[in-house]
1. Given 0.36 nm per residue, what is the gain on full extension from residue 149 to residue 336 after removing their alpha carbon distance, in nm?
2. FRET efficiency for residue 42 and residue 202, Cβ-Cβ distance as r, R0 = 25 Å, nearest 0.05?
3. Would you calculate, for the chain, the mean residue ellipticity at 222 nm contributed by helices, counting each DSSP H stretch of 4 or more residues as -39,500 (n - 2.57) and dividing by all residues, to the nearest 500?
4. Once label points are set 7 Å from the Cα along Cα→Cβ at both residue 62 and residue 253, what is their separation, rounded to one decimal in nm?
5. Multiplying the sequence separation of residue 273 and residue 73 by 0.36 nm and subtracting their Cα-Cα distance, what value in nm do you get?
6. Calculate, for residue 55 and residue 90, the FRET efficiency according to 1/(1 + (r/R0)^6) with r their C-beta to C-beta distance and R0 30 Å; round to the nearest 0.05.
7. Under the 0.36 nm per residue contour assumption, what length would be gained going from the current alpha-carbon distance of residue 264 and residue 24 to full extension?
8. In nm, to one decimal, how far is the modelled label at residue 328 from the one at residue 176, with both set 7 Å along Cα→Cβ?
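Just so it is clear, none of the values below were taken in a lab; they were calculated from the coordinates. Just so it is clear, the model here is predicted, and its values are computed rather than measured. Cβ placement follows ideal geometry from the backbone for every residue including glycine, while neighbour counts extend to all protein chains displayed.
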């Protein structure tokens with residue numbers, strides 16, 4: 001029997017979620033599973049395709065893995081491509097014609113075309129900006145900095161996304177600027193559903209007391225890949241010009257080309273490189289403020305996580321996503337304007353009342369960024385009956 005909600009959402013049809021990645025408790029696969037878990041709590045049913053599983057499967061979800069999950073014991077860097085191909089070969093035999101299919105960018109375009117030919121209704125997750133916009137932003141930044149190196153936005157990635165956007169009935173985008181980048185490069189605006197991400201951290205139920213200026217130097221935090229695309233060079237310049245007012249902790253994988261180009265800044269005594277961490281909760285809990293000047297983002301989870309921990313933030317417009325509102329939950333700066341960045345860092349450093357006001361407001365606003373809401377927006381759009389209001 002088909003069950004629909006008063007809003008016209010069909011709860012009787014399962015969603016087939018295609019994300020050929022390792023479900024290892026981190027990264028985009030974990031984000032996908034968090035959305036599906038919340039959807040299960042709302043009454044939706046998901047059949048998820050992945051390459052391997054190292055986490056528990058939540059209620060309401062079935063995770064289909066090739067080779068009886070033997071891939072969970074194999075080195076992924078070597079066996080990953082084989083596992084992805086095996087996952088994609090399973091799909092046509094399980095997904096019925098005309099099904100609702102929720103696709104992530106890890107799927108090969110050829111496999112997507114098979115689903116389209118079977119009459120499936122396809123929703124596509126777009127995590128960041130349109131790939132052509134990302135390419136333009138990265139290469140303009142390289143020109144500005146006098147750098148040239150290979151980056152992740154390849155012609156193959158651009159071509160793949162074009163197929164996804166053309167074949168999709170629904171496109172999920174997590175902030176207005178990312179949405180506009182899709183429209184600018186030809187995506188039908190009518191397809192796009194604006195949505196959000198939430199936090200992967202364990203959020204303390206009671207916010208920690210924010211330290212005053214009399215309590216010693218402050219701890220500033222950045223979380224993300226330490227590279228040009230994340231605007232870390234602009235952050236470091238602003239940090240130095242602000243007088244290095246404390247300790248700046250950089251958590252994330254350091255890009256080798258970036259490390260060579262900006263070694264002088266990375267070697268400042270006040271800058272601490274930590275690499276990737278599976279215990280990033282602790283970094284948020286110890287920090288006094290969060291700095292994130294990324295040049296191109298979709299819905300950066302790190303700013304949601306910082307907000308949920310009650311941290312005052314200095315962000316770029318792109319890095320702030322939907323949660324950084326200038327003067328209310330964050331200080332939003334032009335990352336290429338070192339004076340603006342330095343001034344914002346100094347304001348955060350010098351004014352304990354400002355830190356408290358921004359941090360408390362960010363924490364309050366973060367309550368709107370839940371996995372339940374993220375799931376409701378996506379699964380509601382996918383299951384809404386045609387012709388319903």
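1. That pair, residue 149 and residue 336, stretches by 65.3 nm at full extension.
2. Plugging the Cβ-Cβ distance into 1/(1 + (r/R0)^6) gives 0.70.
3. Numbers: 15 runs with 159 residues, N = 389.
Helices in the chain give a 222 nm mean residue ellipticity of -12000 deg cm²/dmol.
4. Each label point is offset 7 Å from its Cα along the Cβ direction, giving 3.4 nm.
5. That pair, residue 273 and residue 73, stretches by 68.9 nm at full extension.
6. 0.95
7. The span from residue 264 to residue 24 would gain 82.8 nm if fully extended.
8. Label-label distance for residue 328 and residue 176, simple model: 1.1 nm.
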